[in-house]
Amino acid sequence: MKNHPKNRWQDSVAKTLDPVARLVYRSNLIGEDPTLTNTGGGNTSSKIKETDPLTGQETEVLWVKGSGGDLRTAKRDGFSSLYMEKLKGLQKNYLASKTKGPKTQIEDDMVGAYAHCTFNLNPRPSSIDTPLHGFVPARHVDHTHPNAAISLAACAKGKELTKEIYGDEVIWTEWQRPGFDLGLILEKLCQDHPKAKGAIMGQHGLINWHEDDKKCYELTLELVGRAAEAIAKKDRGEMTFGGEKYKSPGEKERKALWLSILPWLRGKVSAQQRMIGTVQEDATILRYVNSKDAPRLAEMGTSCPDHFLRTKIKPLYVAWDPATGDVAKLRSLLEEGLEAYRADYKKYYEKCKRKDSPAMRDPNPTVVLIPGLGMVAWGKSKSESRVTAEFYNCAVEVMRGAEALGGYINLPQQEAFDIEYWQLEEAKLKRMPPEQELARQVIAVVGAGSGIGKETAHRLAKEGASIVCVDLNEKSAQETSAELVKKLGDGIGVAGTGISGCGPAIGLGANIVDRKSVAEMLGEAVYAYGGIDGVVVTAGIFVPPDLEGRIPDEKWAQTFAINVTGSYVVADEANKIFKAQGLSASLVLTTSVNAVVAKKGSLAYDTSKAAANHLVRELAIELSPLVRVNAVAPATVVQGSAMFPRDRVMASLAKYKIPFSEKEGDEELRTRLAEFYAKRTLTQSPITPADQAEAAFLLVSGKRFPRTTGQVIHVDGGLADGFLR
Ligand SMILES: [Zn+2]
């Protein structure tokens, strides 16, 4: 039974749960196993006796996974609940319609009617698959998208093979777009084949049912296992996908190749809108892209209708020979390939569009396949690009199975189009909240381990950016990124090799005075997300003078190295990526009000910050027109600052003759000093890291000050001595 999915049902857990919780439990068990279903794909249901809040009488309610969300992460609120009687009653309306059947208006209208069947004011919208569950008479129904079963569903001999593998237990149904009519077809199937336990839905997936929920789950496993077994028996081994045509370079060379093309490629696929990437280069994908049949199969496109919206009808495959190692050639092939792809996509749209079709969407590919290297998938966010990669992984597995079983077949173009440009999908897209200001942007925050940097990372993440948290102290950078992931969630989609499988934030260590270290850090960021759109540098150092008020030479040098050279190195290395992408970008440095206020006790720091102010202007000129360069100049941010360790705080308190006790905690002492500083400002209130983070956000966002560059903004509470003139 080695090809059978693992049974993870635990009676000890299930018996503690109420019927709806048992459905959630069963759904999660299915969703967590990638051999059973893909992210967001499939749905499950139970018909449960409930007390009607209107009558106090018992009534039968269909609980079914609702629209949106996915089985792996679904909770109770992910399920819609409908009066069975009302849902069944809709059949009368449907059948009374003059025009009915797949793709008719009445089908789409039925989706709107499900809301009227809602039991107990459940706000979760119902999925288009609701009638599939409602009209199958069995109490429990699982509909899944298992690669093994879809291999059957997308095989030239699918119908015969279904009979061969399952006999009369599982019935074949021809491809039909999901909807009310498909529900009626399944209802009839159950009447005609009273012994049937399930159906293979042509080019779509599996559906099966049982009176008992545990047995329904076990049946899902069994049916998927039997398909997997049949595929394993016919596995083509070395001859999978026609056998190997190209060899992959070693892991290190592959990574170097990826880094040399990713930002450039991202710029190309982001011509209409910025995209975030996920790289996949595991053995399964490499075997596929390196195979003889990859060009033919790639052209045929993905099969499962769930996939089209993300993977598009087909990926872009380029016939590059990795043995040449010729990156220039790879670029020219990609360039030609992209052009041909866009033209092809336009042709497909023009050919298949209907009178009321939504306007053509971005014609750039979202999946790019390169022999020797693997796959990069693109999406509007990290999570979305992982889903795209996951879906194409599924497609590769489906193709492997279908090819082994006798030949992969794709969905006719018009059918694919009618899914991709379905009015219901368009309506769903339109209902989505507008994208956040920094969505589709990758921003590195250098110094994110503490203080202003940490605050900035949080502020930018809140606006939807993917955040590369960087700090000399790698652990602190990772702590900040972990905080962000916890706050925002990992998202959906299970894919990505190494750090490219990350969530909305990563944490990296880097020493900004070491060019190699900075280049490596940016390389990791590029591998993780495909490119970078902005960098905020908050890292800096303040070295207090010794007891005689002097700064030793090496401390002077260190101050300049970190506060000036470090920012320059980061800008210079990031600019290589910005230039390769060819997309507008933004750089925000952190200087200080001290840069323009001469005073005793901070000679090295103040002069270094004066140099940093001028660095901003020089970089603004050097990096224009692609990159805007600005700076935030804070003053006396004491709260949470690594630049105000306890001894500096106490030294300052002593200097200003503010009474304090050594027994007081760090924060108390800091608050005391911050309040003192606040009194010296025009606005009379303490200056916080959040104030600085806000300014960094305004400057780094391309939307707030798009025509401001070479500027230093003081965020200092109002210090008249610091006024620029
Ligand atoms: Zn489905």
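Excluding residues fewer than 8 places away in the same chain, name every one of the aspartates and glutamates whose C-alpha is closer than 14 Å to that of LYS92.
Once the sequence-local aspartates and glutamates are set aside, what remains near LYS92 is GLU107, ASP109, ASP181.
I need the Kirkwood Rh of the chain: take the reciprocal of the average 1/r across all distinct C-alpha pairs and report it in angstrom.
28.4 Å
Which of LYS65/LYS380; LYS255/LYS329; LYS98/LYS195; LYS2/LYS292 have a Cα-Cα distance over 27 Å? Don't skip to the answer; put the middle values down first.
On the way: LYS65/LYS380 25 Å; LYS255/LYS329 17 Å; LYS98/LYS195 33 Å; LYS2/LYS292 29 Å.
Over 27 Å Cα-Cα: LYS98/LYS195; LYS2/LYS292.
Please give the length that would be gained between ALA115 and LEU333 if that part of the chain were fully extended, namely 0.36 nm times their separation in residues minus their C-alpha to C-alpha distance (nm, one decimal).
Net length gain for the segment: 73.5 nm.
Could you give the distance between the Cα centres of segment 671-725 and segment 185-231, to the whole Å?
Rounded to whole Å, the Cα centres lie 64 Å apart.
So what is the relative contact order for segment 1-126, in percent, with contacts set as C-alpha pairs under 8 Å and at least six apart?
Numbers: 172 pairs, mean separation 26.8, N = 126.
Reported as a whole number, the value is 21 percent.
By how many degrees, between 0 and 90 and to the nearest 10, does the Cα long axis of helix 666-679 differ from the longest principal axis of the chain?
70 degrees
Pop a pseudo-label 7 angstrom from the Cα along the beta-carbon direction at both GLU622 and ALA654 and give the gap in nm to one decimal.
With each label placed 7 Å out from Cα toward Cβ, I get 4.1 nm.
What do you get for GluC sites (Glu not before Pro) in segment 22-69 restricted to DSSP loop and a cutoff of at most 14 other Cβ within 10 Å of the site's Cβ?
Answer in residue order: GLU32.
Would you work out if segment 242-316 is rounded, prolate or oblate? Take a ≥ b ≥ c from the square roots of the eigenvalues of the alpha-carbon gyration tensor; rounded if a/c is under 1.5, else prolate when a/b is larger than b/c, oblate otherwise.
oblate
Angle, helix 646-655 long axis vs. longest principal axis of the chain, Cα atoms, 0 to 90°, nearest 10?
40 degrees
Amide H neighbours of ALA631 under 5 Å, at least 5 residues apart or on other chains, H built in the peptide plane: list them.
LEU589, GLN711, VAL712, ILE713
Under 19 Å Cα-Cα from LYS475, which aspartates and glutamates qualify once same-chain neighbours fewer than 8 residues away are excluded?
Output for LYS475: GLU455, GLU483, ASP514, GLU520, GLU524.
For an R0 of 45 angstrom, estimate the FRET efficiency from the Cβ-Cβ distance between ILE499 and LEU682 and round to the nearest 0.05.
It comes out at approximately 0.50.
Find the centroid of the Cα atoms in segment 91-111 and in segment 307-349, then give the distance between the two in whole Å.
Using only Cα atoms, the two centres lie 40 Å from each other.
Which stretch or stretches of segment 261-291 have amide N atoms under 16 Å from the point lying 7 Å from ALA319's Cα along the Cα→Cβ direction?
Zone members listed by number: 289-291.
Give me the number: length gained by fully extending GLU238 to LYS428, i.e. 0.36 nm times residue separation minus the C-alpha to C-alpha distance, one decimal in nm.
Values: separation 190, 0.36 × 190 = 68.40 nm, distance 4.35 nm.
Gain on extension, GLU238 to LYS428, equals 64.1 nm.
What is the Å³ per residue value for the convex hull set by the Cα atoms of segment 278-351?
115 Å³
Reported to two decimal places, what Rg/Rh ratio describes segment 227-371 when computed on Cα atoms with Rh from the Kirkwood expression?
Rg divided by Rh gives 0.99.
For segment 139-158 and segment 459-522, what is the centre-to-centre distance using only Cα atoms, to the nearest Å?
Result: 38 Å between the Cα centres.
If you look for lysine pairs in segment 488-600 that are eight or more places apart or on different chains, how many of them have Cα atoms under 25 Å apart?
Pairs that pass both the separation and distance tests number 5.
With the Cα gyration tensor of segment 22-112 giving a ≥ b ≥ c as the square roots of its eigenvalues, does the rule (a/c under 1.5 for rounded; else a/b larger than b/c for prolate; else oblate) give rounded, prolate or oblate?
Note, shape of segment 22-112 comes out oblate.
Using a 1.4 Å probe on the protein chains only, how many percent of the accessible area of the chain belongs to carbon and sulfur?
54 percent
How much accessible area per residue does the chain have, counting only protein heavy atoms and a probe of 1.4 Å, in square angstrom?
Result: 43 Å² per residue.
I'd like the orientation of helix 515-529 relative to the chain: the angle between its Cα long axis and the longest Cα principal axis, in ° from 0 to 90, rounded to 10.
30 degrees
The values are calculated or read from the model by the stated rules, or taken from the named source; none is laboratory data. For clarity, every value in this text was computed on a predicted model and none was experimentally measured. For neighbour counting, all protein chains shown are included, and Cβ atoms are generated from backbone atoms with ideal geometry for every residue, glycine included. Only protein heavy atoms, including side chains, enter the accessible area calculation; ligands, DNA and RNA are left aside. Shrake-Rupley method; radii C 1.70, N 1.55, O 1.52, S 1.80 Å.
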